[in-house]
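Asks: Handing you this structure, nothing more for now.
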Amino acid sequence: MECDDRPLVPVAATIEKRPGAPAQKLVGAAVALLAAAFVLYPVYYLFQAAFDVGDPNVRPPEAYGLDNFALLPNYSEIMLNTLGVAVAATVMALVFGFVIAWILTRTNVPMRAALEQLMAVPYYVTPLLGALAWALLGSPESGFINQLWRAAGAKEALFDVTGPIGIAWVMALFEGSVAFVMISAVMKSMDPSLEEASQVIGASRLRTMIRITLPLVAPGVLGAAIYVFAEMLGSFSAALVLGSPNRFYVITTAIYQLVSQYPPRLPLAAAMGVSLFAVMFAMIFLYRRITAGRSYVTVSGKAFRPRVMDVGTLRWVLFAVCAVYLIMSVFLPMATLLFASVQRLATVFPKPSNLTLEHYTTALSLNAVRSAMGNSLLLGFLTATIGIVLTGLLAWIIQRSRLPGRNVLEYIVMFPQAVPRLVFAFGMMWAWLVFPLPVYGTLWILLIAYLTVFLPLGVRTISGVLVQLDKSLEECGEVCGASWFYRMRTITMPLLRPGLIAAWLLIFVASVRELGASILLMGPNSKVLTPAIVEAFFSSSSELTAAMALIQTVVVGAVMLVFLTVSRRAARHGA
Amino acid sequence: MAKRGFRGLSRRTLLKGALAAAAVPATARIAVSAETRKVTEVNGVKTAADMAKAEAEGAMLFYTHDSDPAGAAIVEAFSKDFPKIKASYLRAQNGALYAKLLAERGAGRYAVDVVQFSEVSTAIDFQKKGGYEHYESPERAAYPANALGTPAGYFFFSGIDFVGIVYNSEKVTGADVPKNWKDLLKPRFRNVISCKQSTSGMQFVQWFELKKLYGDDYWKEFGKLRPHGFDSRAQLFERLAKGEEQATILGEWAGYQLVKDRGAPVVFVAPEDGLPATPLATGVVSKPAHPEAARLFLDWLMSPKGQTLYQTNKFLYYPSLRKDAAPMPGGMKLADYKLIFPKSMDEYEKAHPAYVKEWNAMIGL
């Protein structure tokens, strides 16, 4: 692209005159409308249900009122439990995510590439798996660690993982990797000269991290905080497995009760769900207030190469920090589940007669599981691939465009994250059942559902990187006469690459392990795997659950490896 | 398994009156009676379905509350007997399954052919809504009349879920071993006893029946033990097997059998005052997508083949109500147990809100 000799005019004045402007508006408006339709269509049905005070089994509702909301104060203790656990888990997850992202992107820690790969593993596994593994490790009587502790002569258990602290710990361990992926995507796009300048004038590494790195990645961290907090609010598995033994309940376990019982109390569950919109919107409002009017640009016209700091011998300490996290979140849980999955009834000291491969035989013999794995992978691939285009454009519209209503759009795309999936799934089911196209009961409805519920994940991940890019880079292209499509393809997209890859991986994995929407929306020929795994925990055995989940983890891990290898090769070719 | 030193009532007597109040006006009388259709026997299954049409339909869809391995085992066994009909299933928890089914029918979508609910009250409600097709299977003669719904021909009881006491034999010994329901109220079970959460239909039946037997105070006393409530049957039994809890008041026979098979030190006790029980209800839905295949599937499910699978598959383990049913794994027959069912379905259904409130408060929810 070459600049011509035309006289310079103010950029804002040129934008409307550019040939790309109508196309930009058209694409922007189309994407915004599509996303809004995906989200608001089921949300309409959710609100309809929340105000339904007639027979809950009759649709559309026979009568409307506020009765369901009037019952919410009865659940105030559960709401407080939920907030307490969600805040504790979010803080822990962000600390894990930020510290490890900083170590792996900004320092010369040994085995960085391998550690980075492993950091995503906790996110591969279905959340139930982490909770199950830690229940096997840390239950007071039968937990493997406590059994070993007693075998060493102790009388009491070393620790008890059931209860609120255990729930927050397990949630943080496994969601910490999401925070890591989101924050490290931001850190990778950061010009290291800012940190180097800080150190040149005498600031210590810690001071540089706190005073320079942290503020610069604040949008990414805040974006991750919002997403992770919402994930924690909607988290179900850890509370189910670890909370019940200690009589500790959160909002998702209460909602599960409401939708599972006969007759299901969907209107109350919907009222509970839509009430969480208020919490989420307060979070986004806060995010916008904090980030408004400040610049987080770290990628400008000035060229830079991502460089890392030489931290000397401290690198081994930092390596140990990463290793401890990975042991807690990957190796120990995986080893525990592997050990449990080859036993009839898991114990730390199994007799030879207790060892068996029958759980793997059962898992692999289930036709439904075999086809479900294929469906899960196909959906994951499609959702991630379409999702990054959709969410990339949405992030761009929200952060960069001048489209009217772009601020509202940011709130709209967060709707699916604000409501526990178990409830949002009912809204989607009601909505798509009456939609004139025959998508219900097919893979299409799952694709639409996944694209809808993972909009927040993609938008938050990509936005975090997008706000680091200096607008002048695009404007330069614009002044030089490049069309909007050309600028997106040659300037914005390449600079967004870390964010796009992170978003693809996150959406892919999130799709494969999706549970809440899948349970209601899958058809007999469009089954996916995670509901079958969770179901095995409900009615079969922890050992079969472990076997199925490990099979899923290995397959997903292999697919991710292929994707990363291909994308790296493509990047090298491109470079 | 603990010795059960008594003989229960006969199956017919057990069910007598159990659902007497459940008479439902038939709103969807698309009567398909065996009397008006030719009955054939195919692969050991007596059926009034038109086999040629069933095979031409080539498929059928079964909705069930049961687990994935259970659903898979059922449709695979059926398809093995009738290879020209591709049977498939979809499962969800009873409440969610019913909400999904009603939403689909409300939107005019009729993909499902046969549905099984874990609670008879769900089936009765569905019957009231005209959800079932009336079909009198030729296999009905092998069942007691009250296992065929009221009026007969809308759903049948495809299996029985019943509960006793189950305890960990390494943790509970000697005089502490419970023999009847009231033995579980001893303070030694405080913090080490489990139950299900209020979502469980079986837990509702037990609450209702023990309240009838012992009065309101029973559950108040039980609540003082701070019981641990679970949604997952597997979690409940595995924790019991490993000693996290030492006894459960909701010792579902099927769950007990599954964990016992895996070598767990657990013992089933059949209290002499009776074992709360609830049937699974299965029927052909109205406007099925594959009507003949649906009828054939129901006949197969009611036949000795289907019922043997229900009794012996480890993901099912539901005792059969067939008069000629073989003993259950372990050698006992259903008639060996004194089962107690809700006598008034009306009273039972009306008690549900009180149950949910009391139960949730008791388990700290």
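The values are calculated or read from the model by the stated rules, or taken from the named source; none is laboratory data. Keep in mind it's a predicted model, so treat the numbers as computed, not measured. Every residue, glycine among them, receives a Cβ derived from its backbone with ideal geometry; neighbour counts consider all protein chains shown. Each accessible area value is taken on the protein alone, full model and side chains, heavy atoms only, with ligands, DNA and RNA left out. Shrake-Rupley method; radii C 1.70, N 1.55, O 1.52, S 1.80 Å.
Asks: I want to verify the translational diffusion coefficient of chain B in µm²/s; compute it with Stokes-Einstein, Rh as the Kirkwood radius over Cα pairs, at 20 °C and 1.002 mPa s. Mind dumping the intermediate values first?
Replies: Details: Rh = 20.9 Å.
So the translational diffusion coefficient is about 102 µm²/s.
Asks: Please list the radius of gyration and Dmax for the protein assembly as shown, considering alpha-carbon atoms only, with Å as the unit.
Replies: Expressed in Å, the Cα Rg and Dmax of the protein assembly as shown come to 29.6, 104.
Asks: Gap in Å between the Cα centre of the range A:334-367 and the Cα centre of the range A:201-269?
Replies: Cα centroid of the range A:201-269 versus Cα centroid of the range A:334-367: 32 Å apart.
Asks: Which aspartates and glutamates have a Cα lying under 18 Å from the Cα of B:LYS323, excluding residues fewer than 8 positions away in the same chain?
Replies: Correct list for B:LYS323: B:GLU136, B:GLU139, B:ASP161, B:ASP299, B:ASP336.
Asks: Nearest-5 percent of antiparallel DSSP beta bridges in the protein assembly as shown? Write out the running numbers ahead of the final one.
Replies: Details: 24 of 44 bridges.
Around 55 percent of the beta bridges assigned by DSSP in the protein assembly as shown are antiparallel ones.
Asks: What is the gain in length, in nm to one decimal, between A:ASN108 and A:LEU357 on full extension, counting 0.36 nm per residue of separation less the C-alpha to C-alpha distance?
Replies: 85.4 nm
Asks: Quick check on the protein assembly as shown: helices-only [θ] at 222 nm, where DSSP H runs of length 4 and up contribute -39,500 (n - 2.57) each and the sum goes over total residues. Nearest 500, please.
Replies: Values: 41 runs with 509 residues, N = 940.
Theoretical 222 nm ellipticity from helices: -17000 deg cm²/dmol.
Asks: When you count, for each residue, the other Cβ atoms within 10 Å and take the mean per peptide, how do A:59-67, B:219-227 rank with the highest first? It would help to have the intermediate numbers written out before the result.
Replies: Values: A:59-67: 13.8, B:219-227: 17.4.
Descending mean neighbour count gives B:219-227, A:59-67.
Asks: Which peptide among A:177-190, A:511-524, A:441-454, A:26-39 comes first, and what is the full order, when sorted by highest mean count of other Cβ atoms within 10 Å?
Replies: On the way: A:177-190: 26.3, A:511-524: 24.7, A:441-454: 22.8, A:26-39: 17.4.
Highest-to-lowest ranking by the protection proxy: A:177-190, A:511-524, A:441-454, A:26-39.
Asks: Now for a different question. Go through B:THR278, B:PHE62, B:ALA294 and say which Cα lies farthest out towards the positive end of the charge dipole of chain B; charges sit on Cβ, +1 for Lys and Arg, -1 for Asp and Glu.
Replies: B:THR278
Asks: Same structure, new question: Sequence gap at least 6, Cα distance under 8 Å: using those rules, report the relative contact order of the range A:79-341 to the nearest whole percent.
Replies: On the way: 308 pairs, mean separation 85.2, N = 263.
Rounded, it is 32 percent for the range A:79-341.
Asks: Taking amide H atoms as placed 1.01 Å from N in the peptide plane, list the residues 5 or more away in sequence, or in a different chain, whose amide H sits under 5 Å from that of B:PHE230.
Replies: When sequence neighbours closer than 5 places are left aside, the close amide H contacts are B:CYS195, B:LYS196, B:GLN197.
Asks: Which pairs in the list B:LYS260/B:LYS305; A:LYS351/A:LYS527; A:LYS155/B:LYS314; B:LYS38/B:LYS338; B:LYS128/B:LYS343 are over 30 Å apart, alpha-carbon to alpha-carbon?
Replies: Values: B:LYS260/B:LYS305 25 Å; A:LYS351/A:LYS527 37 Å; A:LYS155/B:LYS314 37 Å; B:LYS38/B:LYS338 39 Å; B:LYS128/B:LYS343 19 Å.
A:LYS351/A:LYS527; A:LYS155/B:LYS314; B:LYS38/B:LYS338, as the Cα separations exceed 30 Å there.
Asks: Same structure again: Across peptide B:115-126, how many C-beta atoms of other chains are within 10 Å of each residue C-beta, on average?
Replies: Working: counts 0, 0, 1, 1, 2, 0, 2, 2, 0, 0, 3, 1.
Taking the mean over all residues of the peptide, I get 1.
Asks: Something else about it: Apply the Debye scattering formula to the range A:79-341, with a single equal point scatterer on each alpha-carbon and no solvent, then give log10 I(q)/I(0) at q = 0.11, 0.15 Å⁻¹.
Replies: Computed log10 I(q)/I(0) values: -0.71, -1.12.
Asks: Then there is this: Using the per-residue mean of other Cβ atoms lying within 10 Å as a proxy for protection, in what order, highest first, do the peptides A:432-438, A:282-288, B:312-318 fall?
Replies: Details: A:432-438: 13.4, A:282-288: 15.3, B:312-318: 19.4.
Packing proxy ranking, top to bottom: B:312-318, A:282-288, A:432-438.
Asks: Residues of the range A:244-285 with amide nitrogen under 17 Å from the 7 Å Cα-to-Cβ point of A:ALA70?
Replies: Label zone hits: A:267-269, A:271-272.
Asks: Can you give the relative contact order of chain A as a percent, counting alpha carbon pairs under 8 Å and 6+ residues apart? The partial results should precede the final answer.
Replies: Numbers: 814 pairs, mean separation 138.0, N = 575.
Relative contact order here is 24 percent.
Asks: If you count, for every residue in B:63-73, the Cβ atoms of partner chains within 10 Å of its Cβ, what is the mean? Don't jump to the answer; show the numbers that get you there.
Replies: Details: counts 1, 0, 2, 2, 7, 15, 12, 3, 5, 7, 2.
Averaged over the peptide's residues, the number is 5.
Asks: Compute the accessible area of each residue in the range A:314-360 twice, once for its chain alone and once with every protein chain present, using a 1.4 Å probe on heavy atoms, and list those whose area falls by at least 40 Å².
Replies: SASA drop of 40 Å² or more in the range A:314-360: A:ARG344, A:LEU345.
Asks: Chains B and A: buried accessible surface, both sides, probe 1.4 Å, rounded to 100 Å²? Before the final figure, lay out each step's value.
Replies: Details: alone 14560 and 24680 Å², together 34040 Å².
Rounded to the nearest hundred, the buried surface is 5200 Å².
Asks: Moving to a separate point now. Taking 0.36 nm per intervening residue step and subtracting the Cα-Cα distance, what contour gain separates B:LYS80 from B:ASP346 on full extension? Kindly include the intermediate steps, with their values, before the conclusion.
Replies: Details: separation 266, 0.36 × 266 = 95.76 nm, distance 4.07 nm.
Once the chain is fully extended between B:LYS80 and B:ASP346, it gains 91.7 nm.
Asks: Please figure out what share of the DSSP beta bridges in chain B is antiparallel and state it in percent, rounded to the nearest 5. Provide the component values of the computation, followed by the final result.
Replies: Working: 22 of 40 bridges.
Beta bridges within chain B, antiparallel portion: roughly 55 percent.
Asks: Taking the full set of protein chains and a 1.4 angstrom probe, give the accessible area of A:TRP430 in square angstrom, rounded to the nearest 10.
Replies: 20
Asks: If the cut-off is a Cα-Cα distance under 16 Å, which aspartates and glutamates reach A:LYS188, setting aside same-chain residues fewer than 8 apart in sequence?
Replies: A:LYS188 reaches A:GLU116, A:GLU196, A:ASP470.
Asks: Same structure again: Starting from the residue with the highest accessible area, list B:LYS128, B:LYS38, B:LYS100, B:LYS211 in decreasing order, probe 1.4 Å. Walk me through the numbers on the way to the answer.
Replies: Numbers: B:LYS128 110, B:LYS38 155, B:LYS100 5, B:LYS211 50 Å².
Heavy-atom accessible area, descending, gives B:LYS38, B:LYS128, B:LYS211, B:LYS100.
Asks: Can you give the accessible area per residue of chain B, in Å², using a 1.4 Å probe? Write out the running numbers ahead of the final one.
Replies: Values: 11980 Å² over 365 residues.
Ligands and nucleic acids excluded, the figure is 33 Å² per residue.
Asks: May I ask you to give the percent of accessible area on the protein assembly as shown that is carbon plus sulfur, with a probe radius of 1.4 Å? Present the calculation step by step, with values, prior to reporting the outcome.
Replies: Details: 21530 of 34040 Å².
Roughly 63 percent, rounded to a whole number.
Asks: In square angstrom, rounded to the nearest 10, how much accessible surface does B:GLU238 have for a 1.4 Å probe?
Replies: Accessible surface of B:GLU238 is approximately 10 Å².
Asks: Select from A:ILE183, A:VAL95, A:GLN199 the residue farthest towards the positive end of the dipole of the range A:79-341; place +1 on Cβ of Lys and Arg, -1 on Cβ of Asp and Glu, and compute about the Cα centre.
Replies: The Cα lying farthest towards the positive end belongs to A:GLN199.
Asks: Using a 1.4 Å probe and counting only protein heavy atoms, arrange B:ARG322, B:ARG190, A:ARG265 so the residue with the most accessible area comes first.
Replies: On the way: B:ARG322 15, B:ARG190 120, A:ARG265 90 Å².
Most to least solvent-accessible, the answer reads B:ARG190, A:ARG265, B:ARG322.
Asks: Could you work out the mean count of beta carbons from other protein chains within 10 Å of each residue's beta carbon in B:241-250? Mind dumping the intermediate values first?
Replies: Details: counts 4, 9, 4, 8, 2, 1, 0, 0, 0, 0.
Per residue, the number of nearby Cβ atoms from other chains is 3 on average.
Asks: Put +1 on the Cβ of every Lys and Arg and -1 on every Asp and Glu Cβ in chain A; which of A:LEU457, A:ASN146, A:THR385 then has its Cα farthest towards the positive end of the dipole?
Replies: It is A:THR385.
Asks: Have a look at the range A:203-251 and report residues whose accessible surface goes down by 30 Å² or more when the remaining protein chains are included, against the chain on its own, probe 1.4 Å, ligands and DNA/RNA excluded.
Replies: A:SER244, A:PRO245, A:ARG247, A:TYR249
Asks: In Å², what does the accessible area per residue of the range A:79-341 work out to with a 1.4 Å probe? Could the numbers behind the result be given before it?
Replies: Details: 9390 Å² over 263 residues.
Here the residues of the range A:79-341 average 36 Å² of exposed surface.
Asks: Separate question: Show me the helices of chain B, taken as full DSSP H stretches, that run 30 Å or more along their long axis by Cα and average -0.5 or above in Kyte-Doolittle hydropathy.
Replies: Working: long enough: none.
Sorted by number, there is nothing, because no helix extends far enough and scores high enough.
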